[in-house]
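Please treat every number below as a calculation from the coordinates, not as lab data. No experiment lies behind these values; they were computed from the predicted model shown. Every residue, glycine among them, receives a Cβ derived from its backbone with ideal geometry; neighbour counts consider all protein chains shown.
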Amino acid sequence: MEFNKKSIVAVDDSGIVLKMLLKVLGTRYELHVFNGGKRALQFLNDRTPDLIILDIDMPEINGYEMLKMIKEKEHLMDVPVIFLTSNNDKNHVVKAVAGGAKDYVVKPIDEDILTEKVRVVLGEDSEDADITWLDF
């Protein structure tokens with residue numbers, strides 16, 4: 001049986017963040033990175049990734065606008081989106097989730113938190129499967 005990597009599209013106007021995402025996620029996933037929303041949207045016209053990671057504060061198209069455009073496309077409307085941002089204001093979190101985002105990661109990005117959030121959103125088993133979660 002051939003193993004097919006899950007596909008992730010990441011959009012951020014920071015080259016440093018995109019390089020970090022390639023380092024953290026690039027070996028496990030088929031990662032396509034874009035430094036702006038326009039190029040990413042062109043790429044997504046005829047592709048359906050398993051996950052989209054979006055920065056919120058970008059110059060040409062911000063993350064909220066891009067999320068709205070993604071959710072309006074039939075082939076992308078069910079693709080989960082994780083927001084990346086340096087803004088941890090509660091109102092941004094609420095706006096992101098209300099707009100359809102599945103999760104939210106605050107910069108500077110903690111590699112372990114990002115990796116686990118991606119795994120959860122993609123429905124993958126946790127690497128720490130021996131941990132028992134208790135409901136209180």
Cα Rg, Dmax (largest Cα-Cα span) when computed across the chain, Å: 14.8, 46
Residues 34, 43, sorted so that the one with the fewest Cβ neighbours within 10 Å comes first: 43, 34
Cut-off under 5 Å, modelled amide H: who pairs with residue 105 long-range: 83, 84, 85
Relative exposure of 27, 85, 48, judged by other C-beta atoms within 10 Å (fewest first): 27, 48, 85
Sequence of 116, 124 once ranked by neighbouring C-beta atoms within 10 Å, starting from the fewest: 124, 116
Alpha carbon centroid spacing (whole Å) that separates segment 1-30 from segment 47-105: 16
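Just to confirm a number: summing +1 for Lys and Arg and -1 for Asp and Glu over residues other than residue 75 whose beta-carbon lies under 14 angstrom from that of residue 75, what do you get? Don't jump to the answer; show the numbers that get you there.
Values: positive: 47, 71, 73; negative: 46, 50, 72, 74, 78.
Once all neighbours under 14 Å are counted, the net charge is -2.
Sum up the charges of everything whose Cβ sits under 15 Å from the Cβ of residue 19, counting Lys and Arg as +1 and Asp and Glu as -1, but leave residue 19 out. Working shown, then result.
Details: positive: 23, 107; negative: 12, 13, 55, 111.
Once positives and negatives cancel, what remains is -2.
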Most mobile of 57, 12, 112 in a GNM of the chain (Cα contacts under 10 Å): 112
Sum of -39500 (n - 2.57) over DSSP H runs of 4+, divided by residues of the chain (222 nm, nearest 500): -10500 deg cm²/dmol
For segment 4-54: rounded, prolate or oblate by the Cα gyration tensor [a/c cutoff 1.5]: oblate
